[in-house]
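> Please read through the structure below; I'll follow up with questions.
The values are calculated or read from the model by the stated rules, or taken from the named source; none is laboratory data. Computed from a predicted structure; not experimentally measured. Ideal geometry is used to build each Cβ from the backbone, glycine not excepted, and the neighbour counts take in all protein chains shown. Side chains are part of the model used for accessible areas, which takes the heavy atoms of the whole protein and leaves out ligands, DNA and RNA. Shrake-Rupley method; radii C 1.70, N 1.55, O 1.52, S 1.80 Å.
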Amino acid sequence: MPDCALVISDKANKNEVVDCIIDWLEQYSNKKNYAQFIFNVSYKYSGLFERHGLKYGEHKKKHTYVLDLTQVSDVQNLYAPKRRQQIRRAVKDGLQVKHIEDLHIVFLLVCQTFKRQGKAIDEKMVKKILFDFATSKNSFAFATVKDGEPIVAYFCIYHNKEAFYLLGGFNEDHKHIGAGPLAMSACIEHAKKIGVEIFDFEGSMEPSIEKYFKEFGGTKKNYISYERTGKLGQVAVKLRKLIKG
């Protein structure tokens with residue numbers, strides 16, 4: 001999930017709310033009936049949790065890249081020259097970007113990409129996100145099309161003034177260096193058009209994609225991930241290491 005957040009009333013005492021969350025976190029994470037327990041503290045609140053004395057067990061410093069869409073009128077001015085050049089190349093070569101409502105396109109390309117990369121994916125959960133949760137009021141998707149064939153698709157969700165990149169996939173048989181940047185730029189431009197102020201490239205600390213997202217001009221934001229692994233999880237980690245050799 002990109003941002004599993006509590007909705008806190010403006011009238012609430014935020015210090016009391018944080019204290020309650022910390023109490024719950026420390027009590028629940030000591031239970032033994034889980035394989036893995038992960039609680040991410042958004043970069044917006046990490047400092048507040050630290051000041052309230054959250055005692056970390058196994059924790060990691062993670063990061064994401066965030067675009068402030070209020071900085072410029074033309075979002076492409078935020079991109080690295082390399083990305084702008086790739087977008088121009090895609091347009092010159094006849095690629096088109098389309099706002100898509102058929103999220104089966106996203107599902108198929110995402111599944112193909114995960115399978116090709118040898119990564120596991122919870123197809124049932126992805127289907128719930130795309131076909132049960134997503135509506136035109138909380139999400140949007142864009143695809144780059146070549147000769148009528150979707151070759152890249154990106155799916156984003158949004159709430160209030162924030163949007164999060166969530167899912168993406170591409171067709172290995174119809175690659176183009178500008179297909180991804182063209183679709184991502186369309187997502188960012190659309191987000192600004194509908195009044196979004198912050199665009200979060202959630203998951204952008206993943207080494208294989210960090211550089212790609214970084215070159216859209218985002219600012220690096222650090223956050224804390226509180227993690228503990230139960231006995232079942234420890235066994236799973238050991239088996240994974242044995243399988244990988």
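> With the requirement that a residue be outside any helix (DSSP H, G or I), at pLDDT 75 or above and of a type in the set (A, V, I, L, M, F, W, C), what does the range 201-245 give you?
Listed by number, the residues that qualify are PHE201, PHE216, ILE224.
> Still on this structure: Restricting to the range 85-95, count the residues that are open to solvent by 40 Å² or more (accessible area, probe 1.4 Å) and touching a residue at least 24 places away in the same chain (Cβ under 8 Å). Outline the logic, then answer.
Taking the range 85-95 as the starting set, the residues that turn out to be open to solvent by 40 Å² or more (accessible area, probe 1.4 Å) are 85, 88-89, 91-94.
The next check asks that each one be touching a residue at least 24 places away in the same chain (Cβ under 8 Å); those that pass are 88-89, 91, 93-94.
Residues meeting the conditions: 5.
> For the range 29-59, how many residues are modelled with pLDDT under 70 and either of a type in the set (Asp, Glu) or outside any loop (DSSP other than H, G, I, E, B) (or both)?
Qualifying residue count, the range 29-59: 2.
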